[in-house]
Structure formats: C-alpha cells, structure tokens
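Let me begin by presenting the structure, written as structure tokens, before commenting on it.
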Amino acid sequence: MPADALATDTTTMLTCQSCGMPIETGPYCDHCTDEAGNLQSFDERFRRMALWQQKSHPTDSPEQVEKATLEYMAQLPAWREHPRVVAR
C-alpha cells in the first residue's frame, strides 16, 4: 500500500460548530452536547471554554480570558450571533 494512501484528507474534515474541534459527523462534538445530543447552553459552553482559555493562558486576567473566549466564540457558527458575543 502506498504511503499516501494512509494520509488523512483534511480538506473535508468537519469541525464542531460550537468549539471548532475536529469531528467526524454532525454539527457538534460530544463535549458541546448534552446526553440527548442537544447543544449545551451558551452559558455552559462559555464557562467551559473560558476554563480552557484560562488553563492555556494562566497569566491572563479574568477580563482577558473573557474577552479572548468571546472573540473565539464570535468565529463559530453556533455562537457568532448570540447577544453576548455580538455585544462584546
């Protein structure tokens, strides 16, 4: 088997519309949905994404973490029109 036959085709890779993680199917990843497969609330996703941002940038102030999280969420289809994101 040629080596390039094992290469992953990243041009058709799907990403979660809520967090941007790579996914195989559907609009959302398992981290962004509840037990029934529904998208979690904005407040829950914001809280979890801000925690991740804080862990990634531990010297940032809470205000910087909030701003960076909202700016990232503004790029995502699930949140770009949410009032808190628009008001940032």
Tell me, yes or no, whether region 52-67 has at least one residue that is basic (Lys, Arg), in a helix (DSSP H, G or I) and either modelled with pLDDT of 95 or more or in contact with an Asp or Glu (Cβ under 8 Å, 6 or more places away or on another chain) (or both).
yes
Exactly one of 33, 10 is polar (S, T, N, Q) and modelled with pLDDT under 95, and that one is 10
Matching residues in region 73-84 - criterion: being in contact (Cβ under 8 Å) with a residue 24 or more places away in the chain and part of a helix (DSSP H, G or I):
73, 84
Taking the condition of being hydrophobic (A, V, I, L, M, F, W, C) and surrounded by fewer than 17 Cβ atoms within 10 Å (Cβ to Cβ), how many residues in region 52-88 meet it?
4
Residue check, residue 70 on the phi < 0 side of the Ramachandran plot and touching a helix residue (DSSP H, G or I) at 6+ places or on another chain (Cβ under 8 Å):
yes
Residue 33: surrounded by 15 or more Cβ atoms within 10 Å (Cβ to Cβ), out of contact with any helix residue (DSSP H, G or I) (no Cβ under 7 Å at 6 or more places or on another chain) and of a type in the set (Val, Ile, Thr), yes or no?
yes
In region 53-72, residues that are free of Cβ contacts under 8 Å to residues at least 12 places away in the same chain and either within 23 Å of residue 13 (Cα to Cα) or basic (Lys, Arg) (or both) total 1
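The values are calculated or read from the model by the stated rules, or taken from the named source; none is laboratory data. This is a predicted model, so every value here is computed, not measured. Don't worry about glycine lacking a Cβ; one is built from the backbone with ideal geometry, like all the others, and counts go over all protein chains shown.
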